[in-house]
Every structure is written in C-alpha cells, then in structure tokens.
Amino acid sequence: MAKVIMQIGARRIVLMDSISYVDESDQGAFVVSGSHGGASSARYVLAVPLAGVVFNDAGIGKDNAGIAGLAMLDAQRIPALAVAYTSARIGDAADTWEHGIISACNVSAAVRGVRVGMAVREAAAWVLRESGFLTAAGAEDAAGKGGR
C-alpha cells in the first residue's frame, strides 16, 4: 500500500513499506520505501521510472548487496539513496521518512546535492529541487524547514 505524503505540482512524494507495491500510477513520483536497496528492489523501479527512490541499506552486507540497486538505477539516471539500517526500521517507510539518515547514494543523487549523513527529507528536497520540481521555498517545506 502506498501513501502520498506531499504533492508538488504533478510530482508526489510517496511512502511505501515495500518497493514491490510500486505500479504505473507511481510513475514520476519520489518514492520512500522500506525495502532493501538490492538488485531485486531496483528492478521494480526500472519497470516504473521514478523521480527518485529511497531504500534501506539493510546493513549493506556481503559484496554491498544491500545497496547494489543504486548503481543499476544510476545507469538509467534515476537518483537512488539508501538510509542506514540503524536509523530507520527496515520495511517501514514512515520511519524512513521521519528518521532515516542517508548512508549511500548514487551519482545521479549526488549531483543533485545529496550527501551521506543527510536526513531523508532534506535529500528528497534536494533531488526534487535540482530536478526542477521544487522552488527553494518548496524544498524547505519538503525538508520540514519551512515556516516551522
């Protein structure tokens, strides 16, 4: 099940506990998932192109398997990020949005300003702003900094 938490023009930020829930109606959205960032998760995103996606690094694991999907998505210029498994519960997109701290990102995300150590909200704002979907004020709102 997916939950839209923010609408910015035609773009949406969508939470889904599993990336397997992504479908054609999510095309172009920025998706925050609770799934690991492995190759099998990336395949769902390749089938439904997104503005960006967040995964859990699941401890990264052997041969970087927990974040292997980030490179696959980079080949298609899709910004992909992973949060530290110690910062957000695996399988819980809302916790990832609220508490996730970026532990890895692909080049497509990095060129938009995403850095390791950022909060997910801030990283999402950078991806959407640098992709031309947010104004500076909208980016502050998405990052949870606007007027609060």
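Coordinate-derived values only; no laboratory data. Everything quoted here is computed from the prediction, not taken from an experiment. Cβ coordinates were reconstructed from backbone atoms using ideal geometry, including for glycine residues, and neighbour counts include every protein chain displayed.
Computed from the C-beta positions of S20 and V107 and an R0 of 22 Å, the FRET efficiency is 0.30 to the nearest 0.05.
Less than 5 angstrom separates the built amide H of L50 from those of G28, all sequence-distant by 5 or more or on a different chain.
Overall, the chain carries a charge dipole of about 260 debye about its Cα centre when +1 sits on the Cβ of Lys and Arg and -1 on the Cβ of Asp and Glu, all other atoms neutral.
Counted by neighbouring Cβ atoms within 10 Å, the residues K62, K3 run from fewest to most as K62, K3. DSSP beta bridges fully contained in the chain are about 45 percent antiparallel. With the simple spin-label model, which puts each label point 7 Å out from Cα in the Cβ direction, the L46 to A75 separation comes to 0.6 nm. Each Cα pair under 8 Å and six or more residues apart adds its separation to the average, and for the stretch 2-140 the resulting relative contact order is 19 percent.
So what's the back-of-envelope 222 nm ellipticity for the chain, counting only DSSP H runs of four-plus at -39500 (n - 2.57) apiece and dividing by all residues, rounded to 500? Result for the chain: -8000 deg cm²/dmol, rounded to the nearest 500. Between the Cα long axis of helix 120-130 and the first principal axis of the chain there is an angle of about 70°, rounded to the nearest 10. Summarised as an ellipsoid, the chain has semi-axes of 21, 16, 14 Å, derived from the eigenvalues of the Cα gyration tensor scaled by 5 and square-rooted, with the largest first. When you count the other C-beta atoms within 10 angstrom of each residue and take the mean per peptide, 78-87, 51-60, 64-73, 9-18 line up highest first as 51-60, 78-87, 64-73, 9-18.
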